[in-house]
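Report on the following structure.
The values are calculated or read from the model by the stated rules, or taken from the named source; none is laboratory data. Since the structure is predicted, the reported quantities are computational estimates derived from the model, not experimental observations. We place every Cβ from the backbone using ideal geometry, glycine too, and count neighbours over all the protein chains shown.
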Amino acid sequence: MSTATADSPMTQVRPKKRRSSRGDWVYRALITSMVCVVLTIFVGVFVVVVTGAWPAMRRFGPGFIVKTGWDPVHLVFGALPFVVGTIIVAFGAMILAGGVGLLTAVCVTELLPPWLQEPVTYLIELLAFIPSVVYGLFGLLVLAPMLQRTVEVWLLEHLGSRFAFFNGAPYGVGYLSAIVILAIMLLPLIVSLSREALVLVPRELKEGGYALGADRWSVVWGITVPFARDGIVGAFVLSLGRALGETIAVAMTIGGGFRLPTTIMDQGYTLASVIANEFNEVSSAMYLSALIYCGLILFVVTIVVNIIAYFIVRRLSGIHGFRA
Amino acid sequence: MASERKSGTSDHGPRRPSKWPGRVGFGLTAVATLLSLGALFSILGYLVFHGIGAINWNFLVKEPAAVGEAGGGIAPSLLGTAILVGISMIVGVPLGVGVGIYLSEIAGDTPFARITRVAINTFIGVPSIIMGIFVYFVLVKPTNTFSAVAGGLALGLIMIPIMARTTEDVLRLVPNSIREAGYALGATQWRVTFEIVLPAARAGVITGGVLAVARVAGETAPLILTALGNEYYPSGLFKPIDEITLRILKYARGPYDVWHQQAYGAALILVFGVAIGSLLLRLTTRDYNAPGR
């Protein structure tokens, strides 16, 4: 086996010179044309979404993103409430899931005995197999009523008078429920990717830390986590992409509303969930186009986030074989 | 950390820190792990607790009952799910596997290959509802009807990049020495791909396929824009069609306790199906994977 190429992801052996074969020509043409079809579809998706959003783009211009108002009768639309809603929900969920997920990954790799690591990781990764509509069901029928009775009441009583952000009516469904349910959905991704990054930290580095007299905790936070930082950042960016685009679970738990949120218990929409919930209510071509415009904003943002994630992760895969 | 520093330093490097930050810290990580596992078990627990009562023979073979009434089943949704997944596989598997073969066996490091790789990895992360919008405009609007074909197409498009990447990954696991052996025997490239590399990676490709199917079987958002859902058995490929996640969505949002219970029941069946599928696969493919790696 040629040692140089065997593990390098970019180069598989390909015969440089050989008899010309008609079979090979057909094979390459067929596979390459499939790739072209797929790439054409991808470009087509973008073109179609832009075309669908075009009437609204012409009418409202880029100001659509920073305007409020959602009036299907007078055809005045502005996406700011959904943009703000998307930011609140995605980042709220990222903070929750990032904290809990990273700590869980540290616990699994550094604290648990080896025989427990695999089963616990497997169980947490099972969360990724639960379809998002099931999260929505759980969020709507179990989590939201529970938050309404406990956390939201507590927030209102203890923090509501000091921070307007918590001074809302505890409805149950609303931003807070969407944040919590989305955080649970992001957990398996963050835990498994962070864990991969943590596992790849060379043993010698940690041993060096112990040799200098550091205890386990200092080694974890002073050596292991900083060394795995790039992988963890990659995991977070990938999860952010997921968080921005999650549709149905958020649509079921966020309540629905077209005004700018003032508290975390308000009801509203994200860019993705407004499309899912309002699509069947569409009453005019301009309304539809405004919804597609929301989709276009979401599309562009997730593409940017995913390209960033791809390059972070790819840089790592060159070094360690890290694979997200 | 701060507390270590203020309580005196020695000349021999950092003072040995107290055990308390570590105990508290690891305690926190343990709490986080329990929270993560708790989330899993409470979701599964609620599904089983509320859903098991809804599942019986009639639930699997009957049509939905009249609005708000007890009884009835989700048979049309189950059938519709099978049809949609079938159509999605016709679209997604060949194209996905083809792109995977391209990336692993043909592409190398040309600019075109790099673009393809970025495009695939980017589209894995594109929200599925965007594919729904695309299919709505290219198929639903021109044909003037929501349809099974539109739903299946949307799911198939979601499947393509997932399938492509898993296929590329497993084909890369096939050692180059095997390819070289094929070439040394005078085999052409297509024979090496189809008679050596793909068979060696078969189990992995199938695993990727099942994972992709599991993923699209749980998709709801694109189906709202394409398949729509209804109360009846599928009546044609160009007619609206029901699907299990659409049924769960409808029942979860309805005002009736009977609906809620049936939503739990349907969700339990969906999760159970996905879990059994992936577990069976894990067990059956474990042996095959070993020599390929």
Show the residue pairs that are 6+ apart or on different chains and have beta-carbon atoms under 7 Å apart, the first residue being within region B:195-215 and without any contact (Cβ under 8 Å) to a residue 40 or more places away in the chain, the second being of a type in the set (Gly, Ala, Ser).
-> B:Ile196/B:Gly182
Would you check which residues across region B:112-127 are in contact with a Ser or Thr (Cβ under 8 Å, 6 or more places away or on another chain) and surrounded by fewer than 24 Cβ atoms within 10 Å (Cβ to Cβ) and list them?
-> B:Gly125, B:Val126
For B:Gly132, state whether it is out of contact with any Pro (no Cβ under 8 Å at 6 or more places or on another chain), part of a helix (DSSP H, G or I), surrounded by 24 or more Cβ atoms within 10 Å (Cβ to Cβ) and on the phi < 0 side of the Ramachandran plot.
-> no
So, of the residues in region B:169-210 that are outside any helix (DSSP H, G or I) and over 28 Å from the mean Cα position of the chain (by Cα), which turns out to be nearest to B:Val99 (Cα to Cα)?
-> B:Thr188
Restricting attention to region A:211-228, and to residues there that are modelled with pLDDT under 90 and among the aromatic types (Phe, Trp, Tyr), which single residue is nearest to A:Arg195 (Cα to Cα)?
-> A:Trp221
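Applying the selection to region A:64-98, what residues are more than 14 Å from chain B (Cβ to nearest Cβ), assigned to a helix (DSSP H, G or I) and over 16 Å from A:Leu260 (Cα atoms)?
First pass over region A:64-98, keeping only residues more than 14 Å from chain B (Cβ to nearest Cβ): A:64-81, A:83-85, A:87-88, A:91-92, A:94.
Okay, now just the ones that are also assigned to a helix (DSSP H, G or I), so A:64-66, A:80-81, A:83-85, A:87-88, A:91-92, A:94.
Matches in region A:64-98: A:Phe91, A:Gly92, A:Met94.
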Looking at (1) at the interface with chain A (Cβ under 7 Å from one of its Cβ atoms); (2) over 30 Å from B:Tyr233 (Cβ atoms), which is the one condition that is false for B:Ile133?
-> (2)
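Taking the condition within 13 Å of the chain's Cα centre (by Cα) and modelled with pLDDT of 90 or more, does B:Ile160 pass?
Values: within 13 Å of the chain's Cα centre (by Cα): yes; modelled with pLDDT of 90 or more: yes.
Against the criterion (within 13 Å of the chain's Cα centre (by Cα) and modelled with pLDDT of 90 or more), B:Ile160 qualifies.
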Filter region B:211-224 for residues that are within 11 Å of chain A (Cβ to nearest Cβ) and of a type in the set (Val, Ile, Thr); which is farthest from the chain's Cα centre (by Cα)?
-> B:Ile224
Return the only residue of B:Thr166, B:Thr226 being crowded, with 18+ Cβ neighbours inside 10 Å and part of a loop (DSSP other than H, G, I, E, B).
-> B:Thr226
Single residue of region B:116-129 satisfying the filter (of a type outside the set (Gly, Ala, Ser) and in a loop (DSSP other than H, G, I, E, B)) that is nearest to the other protein chains (Cβ to nearest Cβ) | B:Pro127
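Please work out which residue is surrounded by the most Cβ atoms within 10 Å (Cβ to Cβ), limiting yourself to region B:232-246 and to residues that are in contact with a Ser or Thr (Cβ under 9 Å, 6 or more places away or on another chain) and in a loop (DSSP other than H, G, I, E, B). Show your work before the answer.
The initial filter retains those residues of region B:232-246 that are in contact with a Ser or Thr (Cβ under 9 Å, 6 or more places away or on another chain), namely B:236-246.
With the extra rule that they be in a loop (DSSP other than H, G, I, E, B), the set shrinks to B:236-240, B:242-243.
Numbers: B:Gly236: 11, B:Leu237: 13, B:Phe238: 15, B:Lys239: 16, B:Pro240: 22, B:Asp242: 31, B:Glu243: 29.
Among those residues, the one meeting the criterion is B:Asp242.
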Please work out if A:Val313 is under 17 Å from the mean Cα position of the chain (by Cα) and more than 8 Å from chain B (Cβ to nearest Cβ).
-> yes
For region B:13-107, which helices (runs of 4 or more DSSP H) that fit wholly inside it have 1 or more residues that are more than 8 Å from chain A (Cβ to nearest Cβ), loosely packed, with under 13 Cβ neighbours inside 10 Å and more than 22 Å from the chain's Cα centre (by Cα)?
-> B:20-51, B:57-61
Give the residues of region A:130-181 that are at pLDDT below 85 and of a type in the set (Gly, Ala, Ser), sorted by residue number.
-> A:Gly160, A:Ser161, A:Ala164, A:Gly168, A:Ala169
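Is there a residue being farther than 23 Å from A:Ser177 by Cα, not in a helix (DSSP H, G or I) and not aromatic (Phe, Trp, Tyr) anywhere in region A:28-47? Before you say what the answer is, go through the steps one by one.
Here is the first cut: in region A:28-47, the residues farther than 23 Å from A:Ser177 by Cα are A:28-47.
Then drop every residue that is not not in a helix (DSSP H, G or I), which leaves none.
No, region A:28-47 has no match at all.
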